[in-house]
Structures are given as C-alpha cells and as structure tokens.
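Colleague: Sharing a structure here in structure tokens format.
The values are calculated or read from the model by the stated rules, or taken from the named source; none is laboratory data. What you see is a predicted model; the values in this text were computed from it and never measured. Positions of Cβ are backbone-derived with ideal geometry, glycine not excepted, and every protein chain shown enters the neighbour counts. Accessible surface is based on the protein model in full, side chains and every heavy atom, while ligands, DNA and RNA are left aside. Shrake-Rupley method; radii C 1.70, N 1.55, O 1.52, S 1.80 Å.
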Amino acid sequence: MNEVGKSLPKIDGVGLALGRPAYTDDLAPRPALVVRALRSPHAFARLKSIDTAAAEAIDGVACVLTWRDVPRVAVTRAGQGHPEPSPRDRFILDEYVRHVGDEVAVVAADSEAAAVAALAALVVDYEVLEPVLDFEQAEDHATVLHSEPEIHENFPIGFEPTRNIASAYAMHVGDVDKVVQDAEVVLRRTYYTQAQQHVALEPMVCATWLDLHGRLNVLTSTQTPWHVRRIMARALEMPVGEIRVNKPRIGGGFGGKQMIHGELLCGLVTRRTGKAARMVYSRREVFAATNTRHPMRMDITLAADRGGHLRAIDMQALSDTGAYGEHALTVFMVAGAKTLPLYNKVEAVRFGGKTVYTNRVPGGAFRGYGAIQGNYALESALAELAHELDLDPVELRRMNMIAEGETSPIFAIMGEGTEGVAMTIDSCKLPACIDRGMELIGWGEKYPRREAGPEKVRGVGMALAMQGSGIPGIDMAAATLKLNDFGSFNLLIGATDLGTGSDTILAQIAAETLSVSTDLIKVYSSDTDRTPFDTGAYASSTTYVSGHAVRTAAQKMRAALLTEGAAMLGCAEKDAVFDGAEVRGPDGAISLEDLSTRLLYSQNQKQLCTTGSHLCEKSPPPYLAAFAEVEVDLGTGKVDLIDFVAVVDCGQAINPNLARVQVEGGLAQGIGMALTEEVRYGKRGTLLTGDMMTYRIPARQDIPRLTVELAASHEPSGPFGAKSVGEIGIDTPPAAIANAVFNAVGVRVRDLPLTAEKVLMALREGRAK
Amino acid sequence: MTIVFTLNDREVTWEIEPTETLLQALRRNGLVGAKEGCDTASCGVCTVLLDNKPVPSCAVPAARVDGHTVTTVEGVQDQARRIGEAMAAEGADQCGYCTPGLVMSLVAMEKELDQPDDEQIRSYLAGNMCRCSGYTSQMRAVRKYLGGGR
Ligand code: FES
Ligand code: FES
C-alpha cells in the first residue's frame, strides 16, 4: 500500500496554524444580528410573565422572542438519526425552565452592547419551584420535571415522564441469580461516575442567513449537519429542502457538538427578521447550557470460582440525564453493550436500570458514551476480585476475555436504542496489546508498588477496553468522486471532520483505491446541499463507515477510468490496466491527465462522477490494554500520574500518526475524568464550575507522558482492514488509575474523580472499605 | 475612541469601543488568527504578543495597546508555517483551534530561552491548553521544530 498506512500530514494543518479563516465565527457573514439568550438563574421555575417592552424599545434591538412567540413543537436536540431514540421533550423555548442556564428568552440586536442591554431590560417574573437535585431521589419525586402534553417517545424506550424517568432498559442472558447463589466467590460493589464537560476550546457557534432564493442557510460548528437540518425543519415548521447546513472547520467536538445548540434560536431570528444572525456561546454558557456526560451509579455483582473464572456479571445502573433526555437510553445501553462482551465466558449476564430527570445541565453524547462509565465500574470490580482471590489482575483478564473467532450473545441483544446485530470477532489482538503494554510500563518490576521517597508511593494498575465501529443497521455514509481536467479529483463527503483528521484519512482511502497520490484528492465535506449524506461523526463511525463509502466510490471511479481509457485507446477493457498514472493497453497508453482533459474538452466528452454509499452492517470493536503508573502522596492524598501506556488494536491504521494522537487525546480526557474534572453544583442547583478556572481540564504539566502504540491488526470487514479509534482512548484511565492508586496505597475510592481529599480521607480511615 | 499602535510591523490607527478587549478588536478588524476560548485568561487560544511578550488578548483592554506593539499570527507567517509543518508531521494538529496561540507562545519562547529542556518548555507553554491532543505529540513537534531551527 502506498497511501494507506502512511502518516501523511493532516491536509488542513498548516492552514490552521497560519490562522487563516476556517471556523464558523471566522467565516460568519457580517454584518449580522448578535443573538443572545437570557438564561435561568433558577434550577426549576415557571415563567409567570416576561415583560419585553423595555428591551424592544432599545435602539438596535431587532427582535425579542419568548416561549409565546415560538412554534410549539416537541423536539429532541440529541442530534441522532430518524426517528431519534431520545424522548422529544423540548421546545425552542418553554414556559418552564428546568436547570440553571436554561433558556428563558432570546434577543437579537445590531450590536453586542444593544443585545446585552436588551437582556438586562427583560423583566421576568419567576414562580420558583422545588428542584430535583439528587438523582438517586429523582424517581417518583414529588416534583415532576416534565408534564407537557406534547412530549413523547418515538418508539418504546421506557419513557415515563410523570415518574421523572426518561428511559428504562433491562436484558439478561442465563439465570444470574442462580449462578450467584452457587458461586464460590461473589463480589458486590457500587461505583459512581461524575458529570464531565467536553470543553472543546471552540465554543458552540452558529450563523444563519437567507440566501438569494430565500432559503435558510446555516453555518454551524456541528458533528451532525444532516440531523441539524432535519431537526431545525421540524422545530421551525419548514420543509427540510428549504434549509442548507454547512460545517466548516470545528474547534473540537467530542460528542458535545452532536447535539443541537444555538441553531434553533438563531434560525428563528433570521426567519423572523429576514436578517443574518450569529450566536456565539460564552464559555459560561457552554458550561451552563449545553450538555455533560451522564453521571451514573453502577451496582455491580461478579460471581466467580476460586481460580478466577468469571461465572456471572450483573450490572445495574442509574443514570442522570439532567433536565432533558438527550441520549438518555443510548448512553445507558452502551455502558453495558460496550463493556460486558469483553468477558464473554460467563454463564449468565444481566444489565439494566433507569435514566432519570433532574434539574441539572442535560446529559448528552460525550466520547466514550457510557462505555467509560461501565468500564470504570467493571474494570475496578475485576481488580477488586483479583485482589480478593490473590490473583494477578492481568491473569484474571487473560482467563476471561474474548478472543478472535468468538462471540457474545450481547452483540445481538443490545444495539443503541434498539436490538443489536450478531457478530463474530474477526480481529482481536488483546493478548499482544497486553504483553506489549506490560513491557512498556515495566509491570514485572513495578507491580504492585514501590517506595518513591518519604511519604510517596508509586503503584501501577491496568484496565482493558473495547468500543464499537459505528452503529450497525443505522449509520450510513456516502461519498462522491468527481474527475477534473488535468487529473485531479474532488472527493465530496458527508462525513464530518471535527478536528480528528477524517478529511485526510478519507482522502488517503480514495487515493489508495485509485493508486494516485493523496494530494490529487481535493476534499469538500459536510454540506447538506453539496455533498452526499452522512449520519454524522459519532459512535466511532467515520473511518469504518464513511471509509467504506469512499472506497466504493473510488472503486467505481477506477472502473470508469478503465472503461474510458480503453475506449480512447481502442482496446478491450479487459486488456487495459490503470496504475494511477496512465491507462495502458496492448498498443499504447494514455495518461490520467490527458484522459481526464480529453473527456471534458475534446473526445467522448462526459463528466465522470461516481458515488458510493455504505450502511454499517457490523460494529467490530477496537480493543485497548492500558497501564497506569501513579505516585500517591501519603501526607496529602494527591495522585500524580507518572506514565500511562496504551496499546491499541484499531485494525490497520489508515494514518498511524493521526490514529495515535486520537488515542493520546482520548487518554488525556480520560485522565481528566479520573483526577480533576467534575461539574459541581451548589445547594439550589447553581453551577459552581461555570468557567475554566473552576472546571479544570488537564494542563500540559498534568500529562507528563503518554505512551501509545498501535498493535499490528487487520479487520477483514473494514476498509483496508481498519476499525475505529476515536473513542476507545478515553475509556480506561479512570479504572486503570483507580487500580494503580489501590496498588500503591491500598485504598479504593469508588467515586470519581480521585481527588486528593477523597484519597486522603480513605487513607485516614485506614484501608479500603 | 482612537488608538495608534504598531500591528505586525505597521503603524495602524483604529477606532475602538472603550470596553472592547484586544481580542475583540483584532477579530472585528479581520485578524481572526487569535481565537476566543474561555474569556477568563485560562486557555491561551487568544495569545498574541504585546511588546514581544505573550499575553491573553481576551484579558487586555484594546485601549491599553495604544502606543504599543502587537504581533499576531498574521505577522509571523513564516514561523507559523514551520511550526505548523512540525505539528502536522507528528499528527499533533487536531482541531487546530489552539495552534495559532501556541505558535505565538513558541515565537516568544524562542527569543527568550536558549536550548530549553522539556520542563522549561512545559512551563513556558503552560498557559496554552489543548483539549484534543493530550500534549504529548505537541511536545514531540516542539522539540523537532526547535531542533530543526538550529
Ligand atoms: S480566550 Fe483568552 S485565554 Fe482563553
Ligand atoms: S488541537 Fe484542538 S484544542 Fe488543540
């Protein structure tokens, strides 16, 4: 292979370093109305009245909208396929506000100053209601968050709003209770994971305007242009065909931009005023009014024999979706679906529980998507079991983990929101990942602990992970290749590069298939008018699903070039070959440059244009073995990360450098979740972590070293053997670090993050509870 | 109000809002290399040089640069290209939103520190956050860039 497997530089890298206009706010039309939302200071309230007169009277104010002025259509802002597996429990604006930061009203003005003045001039009379702040008390609470008659589920997801339940789920294989009863060893534990925020450095930004034809144009920082278009059309009561959504470069997404944010308000302002409008979230708004990772409580039971053979796993979870049910069911299901199949030797397995509403910032999609929550619980519990059985934690995994050629009944039972698809594992290099990871961290010498100076102990811990590659039966992607004169190609793809380098790797796949150099492939992506469809950049789907579509389009283009080349050479197609530079027949050759130019200008004139589309049929998991080394300060409880090693099986990496950095970036976010990051609230539901000073993402000093290697692997169903790599990096740090802390100092903290306070407290109490 | 200052080696006269930050003024005037990330001087994506020292332009009132020298990524395109290439060679450029800010800090660091070691580099670049890369690849790229420059 010439193009695939090479670490080519990202095609947009240098342009972005030069600071060229590339992101939504750089490109948004000017002048444009400044759109700003008034946000609720209360966790739960009814808007008794909103007096807009003074705001409307301010010079430069173009419009003020309240819930009375907007279409009353229930939508979900989840940004998922159609029909969405999330409840339609939201309106553009509503009579109730359900979390601090929820939208009360919206103003649009000629200038920032006028918009700010208008917000201040709005007079709102709130009827403050008793909020639900503790998710363990939410079910059947006296306060019901959602009693609007219009809200509904699109298909059964266990939606019971009168009980504050957004979704419910249960599955089982075999008789868990019986196995647990008979087992030699049973371990029961409860773990808690916290709300984490994406903190993409570019905030949510969108701009809207009417074009020459009066169509609504939307430029927005989104991972899901087609879902944005469809949901905007529903919410604004207009035909889908009257909206164009275009995504330029995105300054990071991580799932946060799968959801729909300012687009509905901004679009409505443009519809009402006829003017261009622009909405840029402040960092405070990103924290208070977008989404977080769903916090969860996981009750886990492991049954095993004395030798460490797992016999049953029971995972019961409670998830907090905050004020709205975005991704309530699907994140919940992934907590089981993308963790439990890893240990497929069990006789019985059970998973279930509920996702409840609280008056907090809504939950949503976030890299890892439930798998990180489930992984923390399961991989911590396995370490606890190994400790109890006096077994090496690595051996315990080796004994029980899935292997090539095997399957798990869970694949068929659990999909995302629906049933899954049965599959056999054709590529799983976990044994090699584990061996190499142990070598890189120095497990033999370092496990479990060693003194590192007065009051300081170092320990190592490990965890395994799996993820998926797209959502089978649902995720679909398409790509079109167009041949230009003088031999270059346009690759038009619906796929959404959110900073991951997917435009680059998809160009590499096209180039490899055509045997041309990647720089001949000119990429244009993510425009609902001008590129073919793609469900969007989520669920680790782009390389595997969109990559297939690109490959198909390129195979068709290759065939078309042969046909046309043979015709020009006057030979039979079967006698012609194309090597990327020329089509050669028995008696001569024609260069790609010449062929493409003649096709447009002088001979057999026609446009060559080929399209491939691909429906994800299975979701082969990438795998990862992770090893963490930490240093714990016995005097303060502070945990410092010393080294983090991850060896990953993502199939054949299309671009090894970009794949590796995807994993490194995921690890850093997982390390943040393990150690520092937490969305915290005050007594009445106010946000205590509303800016980047109070919410701490890892800084350069917090990540001393990440060692990532890609294992040699090939997934037969993937394009050129590729699987996904975007999410799996984030899954393991919480468990691997918690296990390392235990191995270092013998204390087990079962709720994230592992702050110095919690570790110190546990140290003082003597030992693990 | 009117301010006169040196922007990327040229004297300019700008009409600004009295309450505006330097970042807002720059972006309003079409210099979009500096981005807004946090508005609390915590992320570094708005970094520019004020009298050759890196500053978060979100925390500098535009009025304060009157009579001073401001350098943005638009004014150091050659270095930005070389840094960008070093980053791209490592795959360290992910969303790229933090890159122009990092470029500005690096430009300043090169002038200030001679042969810095990893610890010095980390501490000089401490204010430049990146949410995508996990920093490790950036450090590889920075080392390469500094090595290649000599
Ligand atoms: S925007 Fe200035 S430091 Fe973050
Ligand atoms: S590359 Fe995205 S923030 Fe650094």
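Colleague: Lys and Arg at +1, Asp and Glu at -1: add these up for the other residues within a Cβ distance under 11 Å of A:Thr52 and post the number.
Modeller: Once all neighbours under 11 Å are counted, the net charge is -2.
Colleague: Per residue, how much accessible surface does segment B:76-146 expose to a 1.4 Å probe? Answer in Å², no decimals.
Modeller: It amounts to 33 Å² per residue over segment B:76-146.
Colleague: Still on this structure, I have one more. Apply the a/c threshold of 1.5 to the C-alpha gyration tensor of segment B:76-146 and tell me whether it is rounded, prolate or oblate.
Modeller: It comes out rounded by the Cα gyration axes.
Colleague: Quick one: in chain B, what % of C-alpha pairs are over 18 Å apart?
Modeller: Summing the P(r) of chain B above 18 Å gives 54 percent of all pairs.
Colleague: Taking R0 as 60 Å, what's the FRET efficiency between A:Ala54 and A:Glu573 from their Cβ-Cβ distance, rounded to 0.05?
Modeller: For R0 = 60 Å, the calculated efficiency reads 0.20.
Colleague: Continuing with the same structure: At 222 nm, what value in deg cm²/dmol follows for the protein assembly as shown if DSSP H runs of at least 4 each add -39500 (n - 2.57) and the sum is divided by all its residues, to the nearest 500?
Modeller: -8500 deg cm²/dmol
Colleague: Here is a further query. Holding the Cα-Cα limit at 32 Å, pick out from A:Lys456/A:Lys683; A:Lys247/A:Lys275; A:Lys482/B:Lys35; A:Lys10/A:Lys556 the pairs that are longer than that.
Modeller: A:Lys456/A:Lys683; A:Lys482/B:Lys35
Colleague: Which value results for Rg/Rh of segment A:644-769 when Rg is the Cα radius of gyration and Rh the Kirkwood radius based on the inverse mean 1/r?
Modeller: A ratio of 1.08.
Colleague: Need one number: % antiparallel among DSSP beta bridges in segment B:2-74, to the nearest 5.
Modeller: Here the share of antiparallel DSSP bridges comes out near 85 percent.
Colleague: Something else: Less than 16 Å apart at the alpha-carbon level, and either on another chain or at least 8 residues along: which lysines does that give for B:Lys111?
Modeller: Output for B:Lys111: B:Lys53.
Colleague: Residues of segment B:91-105 that become at least 40 Å² less accessible with every protein chain present than in their own chain isolated, using 1.4 Å: which are they?
Modeller: When all protein chains are present, B:Asp93, B:Gln94, B:Cys95, B:Tyr97 each give up 40 Å² or more of accessible surface.
Colleague: Checking an interface number: how much accessible area is buried between B and A, summed over both chains, with a 1.4 Å probe, in Å² rounded to 100? Don't skip to the end; give the middle numbers.
Modeller: Values: alone 7880 and 26640 Å², together 30520 Å².
Adding both sides of the contact gives about 4000 Å².
Colleague: Something else now. At what distance in nm do the modelled label points of A:Asp125 and B:Ala41 sit from each other, each positioned 7 Å from its Cα along Cα→Cβ?
Modeller: 4.4 nm
Colleague: Let me ask you something else. Starting from the 7 Å offset along Cα-to-Cβ, what nm value, one decimal, do you get for the label separation of B:Glu17 and A:Ala170?
Modeller: The answer from the label model is 5.7 nm.
Colleague: Antiparallel DSSP bridges in the protein assembly as shown: what percent, to the nearest 5? Walk me through the intermediate numbers first.
Modeller: Values: 116 of 147 bridges.
Approximately 80 percent, going by the DSSP bridge assignments.
Colleague: With a 1.4 Å probe and every protein chain left in place, work out the accessible area per residue of segment A:627-769 in Å², rounded to a whole number.
Modeller: Ligands and nucleic acids excluded, the result is 29 Å² per residue.
Colleague: Count neighbours as other Cβ atoms within 10 Å of each site's Cβ, and list the trypsin sites (Lys or Arg not before Pro) in segment A:521-604 that are DSSP loop with at most 16 such neighbours. Write down the numbers at each step before the final one.
Modeller: Working: sites: A:Lys522, A:Arg530, A:Arg551, A:Lys556, A:Arg558, A:Lys574, A:Arg584, A:Arg598; in loops: A:Arg530.
Qualifying residues, ordered by number: A:Arg530.
Colleague: Follow-up question, since we're still on this one. For A:Arg530 and A:Thr707, what does the FRET efficiency come to when R0 = 51 Å and r is the distance between their Cβ atoms, rounded to the nearest 0.05?
Modeller: Using R0 = 51 Å, I get an efficiency of 0.75.
Colleague: I want the local charge near A:Ala115. Using Cβ-Cβ distances under 14 Å, sum +1 for each Lys or Arg and -1 for each Asp or Glu among the other residues.
Modeller: Around A:Ala115, the charge tally is -2.
Colleague: So how far apart, in nm, are the two label points at A:Tyr601 and A:Met1 if each is 7 Å from Cα heading toward Cβ?
Modeller: It works out to 3.6 nm between the two label points.
Colleague: If you don't mind, another one. Between A:Thr143 and A:Glu765, 0.36 nm times their residue separation minus their Cα-Cα distance comes to what?
Modeller: 220.2 nm
Colleague: Rounded, prolate or oblate, given the Cα gyration tensor of segment A:532-633, with a/c below 1.5 counting as rounded?
Modeller: prolate
Colleague: Something else about it: Starting from the Kirkwood radius over alpha-carbon pairs of segment A:475-615, derive D by Stokes-Einstein at 37 °C in a medium of 0.692 mPa s and give it in µm² s⁻¹. Intermediate results must be reported in sequence, preceding the final value.
Modeller: On the way: Rh = 15.2 Å.
Rounded to a whole number, D works out at 217 µm²/s.
Colleague: A follow-up question, please. How far is the Cα center of segment A:530-608 from the Cα center of segment B:40-85, in Å?
Modeller: 46 Å
Colleague: Oh, and also: Using alpha-carbon positions, what is the distance between the centroids of segment A:510-528 and segment A:654-709, in Å?
Modeller: Cα centres, segment A:510-528 to segment A:654-709: 33 Å.
Colleague: Mind listing, in residue-number order, the residues in segment B:46-84 that have at least 50 Å² less accessible area with every protein chain present than in their own chain alone (1.4 Å probe)?
Modeller: Output list: B:Arg81.
Colleague: Which cross-chain or sequence-distant (5 or more) residues have an amide H under 5 Å from the amide H of A:Thr358, H modelled 1.01 Å from N in plane?
Modeller: Residues meeting the criterion, in which the H sits 1.01 Å from N, are A:Thr321, A:Gly322, A:Ala323.
Colleague: Within chain A, which complete DSSP H helices have Cα atoms spanning at least 20 Å along the helix axis and a mean Kyte-Doolittle hydropathy of -0.5 or higher?
Modeller: Going by DSSP H runs, the hits are A:371-389, A:547-569, A:656-675.
Colleague: Rounded, prolate or oblate: which fits the protein assembly as shown when a ≥ b ≥ c are the square roots of the eigenvalues of the alpha-carbon gyration tensor, with rounded for a/c under 1.5 and prolate only if a/b beats b/c?
Modeller: Judged from the Cα gyration tensor, the protein assembly as shown comes out rounded (a/c under 1.5).
Colleague: Heavy atoms only, probe 1.4 Å: what % of the accessible area of chain A goes to carbon and sulfur, would you let me know?
Modeller: Answer for chain A: carbon and sulfur cover 51 percent of the accessible area.
Colleague: To the nearest Å, what is the center-to-center distance of segment A:729-769 and segment A:14-31, using C-alpha atoms only?
Modeller: The two parts, judged by their Cα centres, are 43 Å apart.
Colleague: Summarise the partner chain shielding of A:696-706 as one whole number: the mean count of Cβ atoms from other chains within 10 Å of each residue's Cβ.
Modeller: So the per-residue partner count for this stretch is 6.
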